[in-house]
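Visitor: Have a look at this one.
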Amino acid sequence: MKKPERLAMLAAQLKAEGVLHLKQAAERLGVSEMTVRRDLAAAPDTFHYLGGYILAPQTERDGLYRLDKENDEHAEAKDAACRRVAALIAPGDTIFLDCGTTTPHLIAYLPTEVPLTVVCYSLNIANRLAQRPNIRMILLGGLFHPAAQTFSGDEAIHAMEHLRINHAILSAGGVHDQQGVTCSNFNEVPIKQIAMQRALRKTLVIDSSKLRTVRPAFFAKISQFDEIVTENGLLPRASHQGA
């Protein structure tokens, strides 16, 4: 099979499935992974390759569009909360940065004069981090979820088991005194929880609209966080107890 035929077949597969792992693509095309990489490099406007996965650029744009629409709500509050969190980051930290529509705002406030390592599992986060030359990025792989632009699965969990995290910065869809800290997507829960287990410091960053709100997927008690930061600053320490 010649290169144009391989590219046409790959495009058809992506149209049907949305995302392919590099190894999966190589097996279907009957070539080596290196050959697939060379084919992708020859067609940068047709394919997007990141973290071992191949996506059609249109798929990526559609996913980011949905996230951007979500991000428009309370955008100023999210940005202000992230600006406050940036002051908590120490030079040389290894940071876990959660997915969602709040945490992308933090990337603009990461220090530029010192190196940082950032672990993430979200494509919209990774795309922004890739523009920062001082950031060493670790993108966790697994099954891709286009709507949320996240990866999940055993591959990501196993990778986290070999990492040491100074600071886990997490987001949430709801924070409630009785029901704890919750999100909308159950597939995100294992990643969030292992990040908290591996981290020395755990910060929850939310805009204040998330307070007294409950989403279906529970992932932590309020008391498990060292601090909760909103656009108005740190929540009083008493608010961290109980749930």
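The values are calculated or read from the model by the stated rules, or taken from the named source; none is laboratory data. Because the structure is a prediction, the values reported are computed rather than measured. Cβ sites come from the backbone with ideal geometry, for glycine too, and all protein chains shown count toward neighbours. Side chains included, ligands, DNA and RNA excluded: accessible areas come from the protein's heavy atoms. Shrake-Rupley method; radii C 1.70, N 1.55, O 1.52, S 1.80 Å.
Visitor: Scan 92, 100 and give me the residue that is open to solvent by 20 Å² or more (accessible area, probe 1.4 Å), of a type in the set (Gly, Ala, Ser), under 14 Å from residue 189 (Cα atoms) and in a loop (DSSP other than H, G, I, E, B). Reasoning before the result, please.
Guide: Details: 92 fails: under 14 Å from residue 189 (Cα atoms).
Exactly one of 92, 100 is open to solvent by 20 Å² or more (accessible area, probe 1.4 Å), of a type in the set (Gly, Ala, Ser), under 14 Å from residue 189 (Cα atoms) and in a loop (DSSP other than H, G, I, E, B), namely 100.
Yes or no, residue by residue, for (1) open to solvent by less than 70 Å² (accessible area, probe 1.4 Å); (2) within 24 Å of residue 80 (Cα to Cα):
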{"site": "111", "(1), (2)": "yes, yes"}
{"site": "115", "(1), (2)": "no, yes"}
{"site": "124", "(1), (2)": "yes, yes"}
{"site": "142", "(1), (2)": "yes, no"}
{"site": "156", "(1), (2)": "yes, no"}
{"site": "189", "(1), (2)": "yes, no"}
{"site": "194", "(1), (2)": "yes, no"}
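Visitor: Another question about this same structure. Of the numbered conditions (1) surrounded by 19 or more Cβ atoms within 10 Å (Cβ to Cβ); (2) in contact with a helix residue (DSSP H, G or I) (Cβ under 7 Å, 6 or more places away or on another chain); (3) more than 19 Å from residue 75 (Cβ to Cβ), residue 199 satisfies every one except a single condition; which is it?
Guide: Residue 199 satisfies every listed condition except (2).
Visitor: Report yes if residue 219 is over 26 Å from residue 115 (Cβ atoms) and open to solvent by 50 Å² or more (accessible area, probe 1.4 Å), otherwise no.
Guide: Here the answer is no, as residue 219 does not meet what is asked.
Visitor: Still on this structure: Specify the residue that is nearest to residue 94 (Cα to Cα); the eligible residues are those in the stretch 116-137 that are out of contact with any Gly (no Cβ under 8 Å at 6 or more places or on another chain) and part of a helix (DSSP H, G or I).
Guide: 129
Visitor: So, in the stretch 176-187, of the ones that are crowded, with 16+ Cβ neighbours inside 10 Å and either in a helix (DSSP H, G or I) or on the phi > 0 side of the Ramachandran plot (or both), which residue ends up farthest from the chain's Cα centre (by Cα)?
Guide: 180
Visitor: Could I ask something else about it? Test of understanding: among 113, 155, 161, which residue is of a type in the set (Asp, Glu) and in contact (Cβ under 8 Å) with a residue 24 or more places away in the chain? Spell out the reasoning first.
Guide: Numbers: 113 fails: in contact (Cβ under 8 Å) with a residue 24 or more places away in the chain; 155 fails: in contact (Cβ under 8 Å) with a residue 24 or more places away in the chain.
Selected residue: 161, the only one of 113, 155, 161 that is of a type in the set (Asp, Glu) and in contact (Cβ under 8 Å) with a residue 24 or more places away in the chain.
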